[in-house]
Amino acid sequence: MNIEEVVEAAYLIGADGARSVTRKQLQLTFVGSTREDIRIVLGDIRLELKGLDREHWHHFGMMSQEMISFRPTDELGKDGYQFLITSRVRELKGLAQDEEALLDCIKELIGLGDDVKVKEVLWASEFRPNMRMVNKFGVGRAFVAGDAAHVHSPTGGQGLNTSVQDAFHLSWKLALVYKGLSPASLLDTYTAERLPVITEMLGLTTEILKRIHGESKAEDAQTSTDGSSNAKVESNLERVKHRGKNMFMLGVNCRTSPIVVDDFAPSSTPGVAVLHSAYGNIQEGILHAGDRAPDAPDLVLVANFNRAASSAPGISTLRAKGLGSTRLFDIFAPTYHTVLIFAPGLANPVVSSVLSALQQCVPQNGLVRPLVVLPDALLDSDGEVKTSSAQDQTPGAEVLVDRAGHAYRGYVIENDEIRVVAIRPDGVVGAIVRGAEGLRRYFDGIFGKKRCVGAGEVP
């Protein structure tokens, strides 16, 4: 029995899969192609075969013609495998629905006949690679995410993480807009930031698919050592199984976003195109606004302002010795921005001006968590940081000491430098700026310009 229900909502997110009704109702284009010439049958199976160990991924056949692979997985039991069949020489259509034909095909491809003891086919499905994406991720107050917004070959294993990133990316912005804390224009950046990432992801996964089927121009240029097709296929298989570091997705970024602010990014030359990869690799010594925020362990939260411990008048002591350590990944959270103020000392006027700017720019308490990060060089032999006066304390901010230097190295900052880094709720570096003025420009884009009137920078 079909049941219809009418729901009224302020916003709609369609995460309703590749055949998304939401996408169709919004009349979003789904640009791309379907590989009608490639069919893949995949599923889970329990079987016994002498010599089929549990330590390796096993392949039978040649990728350019037909092949079956078995990946052992203990989630299905000690005899469980995930299998995948691909063929250019036999018809696979309907094979997943005909268990007898499927078992005959598996035995034939392995080449050992009745020595293959199939105990159970847990499930099987047929798949045709589709490479498609929307032209934009939403219309008005309705949005799409995950497979509703993009589909691609499973080669590369990018699907789940990409879809989760869509949802996380949209949700923190939507929460601010829904609560009236940010302008609706913030939601326009969902498309602006995700579209370049998905475009590159489709290109990367499609290239791997082509390699699997011997179609990659890069692979065609390769020659095998003995000139045989078998040697080339084996070589291709090894290359296909290799994943570049960009497939780890740690270099996925939105450096070209209209809302990130970077006072230290290289200036572009008018008329000269700048090549940029939204699916890049992490590069040591390079960090830009729009990149994934690095972690930094062994940070000491200085919790006690102990004036009594100092014999000199007017001197304050921040005691770090004996206190536990924390790390940035335990500080970041999806419900607020984290602002890291890297400064060689608390007396620097930029520290107080940044905290003052935050009070003026942030519409509500709890939306930003400010922290001052001091270099380890300020720690004395007793594990204390002495400041020149009581005024050096920072009301409204926590003070951390970068005891092992991980934060300063990870954020590419010298001990005597002053930089302010804003980390978004989705773990992306939103801003890398010199001080209050740059931070005001960043939060202009998040909370709206009217919030930040009067927040200037102390020279």
Check: Whose amide H sits under 5 Å from the amide H of residue 137, counting only residues 5 or more places off or on another chain, with H placed in the peptide plane?
Finding: 191
Check: What ³J(HN,Hα) values, in whole Hz, does the Karplus curve 6.51 cos²θ - 1.76 cosθ + 1.60 give for the range 435-440 when θ = phi - 60°, with x put for Gly and Pro?
Finding: x, 5, 5, x, 5, 4
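Taking the highest mean first, how do the peptides 178-185, 288-295, 424-431 order by number of other beta carbon atoms within 10 angstrom per residue? Before the final figure, lay out the partial values.
On the way: 178-185: 14.2, 288-295: 20.5, 424-431: 23.5.
Ranking the peptides 178-185, 288-295, 424-431 by packing returns 424-431, 288-295, 178-185.
If you count, for each residue, the other Cβ atoms within 10 Å and average over each peptide, how do 22-30, 255-263 line up from highest to lowest? Display every interim value, and only then the final one.
Numbers: 22-30: 16.3, 255-263: 18.7.
Result, highest mean Cβ count within 10 Å first: 255-263, 22-30.
Past 20 Å, Cα to Cα, is the threshold; run 24/179; 78/119; 24/93; 78/117; 24/173 against it and keep the listed order. It would help to have the intermediate numbers written out before the result.
Numbers: 24/179 28 Å; 78/119 12 Å; 24/93 27 Å; 78/117 14 Å; 24/173 24 Å.
Result: 24/179; 24/93; 24/173 exceed 20 Å.
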Notebook entry, point to check: What list of ³J(HN,Hα) values in whole Hz, one per residue of the range 176-181 in order, does the Karplus curve 6.51 cos²θ - 1.76 cosθ + 1.60 (θ = phi - 60°) give from phi, with Gly and Pro shown as x?
Noted result: 5, 5, 4, 7, x, 8
Notebook entry, point to check: Each residue of the range 398-413 in order: what ³J(HN,Hα) in whole Hz does its phi give by Karplus 6.51 cos²θ - 1.76 cosθ + 1.60, θ = phi - 60°, with x for Gly and Pro?
Noted result: 8, 10, 10, 10, 7, 4, 9, x, 5, 5, 5, 6, x, 9, 6, 10
Note to self: Order 114-121, 247-254 from most to least packed using the mean count of other Cβ atoms within 10 Å.
What the structure shows: 247-254, 114-121
Check: Considering amide H positions built from the backbone, and no H for Pro or chain starts, which residues 5 or more places from residue 337, or on another chain, come under 5 Å of its amide H?
Finding: 368, 369
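Each reported figure results from applying straightforward, stated rules to the coordinates on display, with no laboratory input. None of these values were measured; they are calculated from a predicted model. Cβ atoms come from the backbone with ideal geometry, glycine included; neighbour counts cover every protein chain shown.
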